[in-house]
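First the structure, in the form of structure tokens, and then the observations on it.
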């Protein structure tokens, strides 16, 4: 789960992390009052969407101007003007894709007198099963660019869970950022605060870009992007309450209600598969035969008829889907359960596009019998290669 920048900063501030003062607004009419709560004479008006690259982004609407999704205002009047232009407009960044995202919230923040900009992130290193830090002196730019062009400017290290964060971790960060004296002490304190927040709230990623040093000699988190481990949200109702469903795909929201692993993609062939590896292989073979998958959907190993029916409805709700491939290898998930779910869903929502079903494994004959006796216009496949060729041919009009 992702949250907005202003929410992330408020959460981090609970752990003592130094942030700039700011006020979130949902209506342009509230922007003037929000700005007057802050000292000025410089304000920063920030679009709040779940995507990076806001400062370099462009709005689709001409009325929103071409100054990007993060703007510097030199008066309260200018804050209000920017708010009117930005709220409700669609911002396109490198991470949103061409469709962009509508800006429904702004964060009006006091300006900072910046001396230096750094990059710092914390994430879970799956290879070492430890929490890892990534630090660079090159803040304010895409870390991918730094990794490609100047990899020597990135320092990484992991924290042993047996000991937790220790003083030497903070000193490592200070050294990597060329900080000394009081700034080095601030860095050591900040690293401990960030680690505490990361572990206490079950974060999956915490990215600060930039982390700045002000001309007054203070370390400050100027931007923050946070995502959480969905499997741990039952422990954090206060975090779950921060979810903004307007930032998420409606189909993915619906899938989460049934504990389905669903990710919307840009293709035209919908996929329903059990097992992440098999789902990836299914998407790969669709691409091999010249088309693109419309989604990743793993129904899991213990799906019920209701769960399978819900998955089918989610796939068919996508207007881009021109054909559906069901590829099930029955182990824990029995083929007859899948077949019953597919039949129930098709009878409820109708079948407007070609459907190819490949079943193999536990109760496969019973599953095939259910499909064949359903009276539905469903094409059966013997194996994955056969299934992929048939659905591609059907979508192309063969």
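Laboratory data are not the source of any read-out in this text; all were calculated from the coordinates shown. Small disclaimer: the values here were computed from a predicted structure and weren't measured. When we count neighbours, we look across all protein chains shown, and the Cβ atoms used for this are built from the backbone with ideal geometry, even at glycine.
Data table
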| read-out | value |
| --- | --- |
| Share of Cα-Cα pairs in the chain lying beyond 39 Å, as whole percent | 33 percent |
| FRET efficiency estimate (nearest 0.05) - Cβ-Cβ, residue 245 to residue 29, R0 22 angstrom | 0.40 |
| Using a Förster distance of 45 Å, the FRET efficiency for residue 61-residue 259 (Cβ separation, nearest 0.05) | 0.75 |
| Angle between the chain longest axis and helix 384-395 axis [Cα atoms, degrees, rounded to 10] | 90 degrees |
| Three-way shape label, the stretch 250-395, alpha-carbon gyration tensor, a/c 1.5 | rounded |
| Gap separating the Cα centres of the stretch 25-90 and the stretch 103-162, nearest whole Å | 25 Å |
| Label-point separation in nm, residue 171 to residue 288, each point 7 Å along Cα→Cβ | 5.5 nm |
| The chain - percent relative contact order, Cα under 8 Å, separation 6 or more | 12 percent |
| Computed P(r) (all Cα pairs; the stretch 83-242; 10 Å bins; percent) | 9, 32, 36, 20, 3, 0 |
| Mean Cβ count within 10 Å, highest first, over the residues of peptides 239-245, 166-172, 322-328 | 322-328, 166-172, 239-245 |
| The stretch 83-134 shape via C-alpha gyration tensor axes, a/c threshold 1.5 | oblate |
| Potential lengthening between residue 147 and residue 349 on full extension [0.36 nm per residue; Cα-Cα distance subtracted] | 67.9 nm |
| Extension gain (nm, one decimal) between residue 36 and residue 382, 0.36 nm per residue minus Cα-Cα | 117.7 nm |
| Sequence-separation-based contact order of the stretch 250-395, relative, with Cα cut under 8 Å and 6+ spacing, percent | 24 percent |
| Angle between the chain longest axis and helix 181-200 axis [Cα atoms, degrees, rounded to 10] | 30 degrees |
| Rounded if a/c under 1.5, otherwise prolate or oblate - the stretch 12-54, Cα gyration tensor axes | oblate |
| Cα-derived Rg to Rh of the stretch 21-110, Kirkwood definition | 0.95 |
| Helix 276-288 vs. the chain, principal-axis angle (Cα, 0 to 90°, nearest 10) | 80 degrees |
| Extension gain (nm, one decimal) between residue 160 and residue 266, 0.36 nm per residue minus Cα-Cα | 34.2 nm |
| Relative counts (whole %) of C-alpha pair distances in the stretch 263-338, using bins that are 10 Å wide | 20, 55, 24, 1 |
| R0 of 51 Å, Cβ-Cβ distance residue 113-residue 396: FRET efficiency to nearest 0.05 | 0.25 |
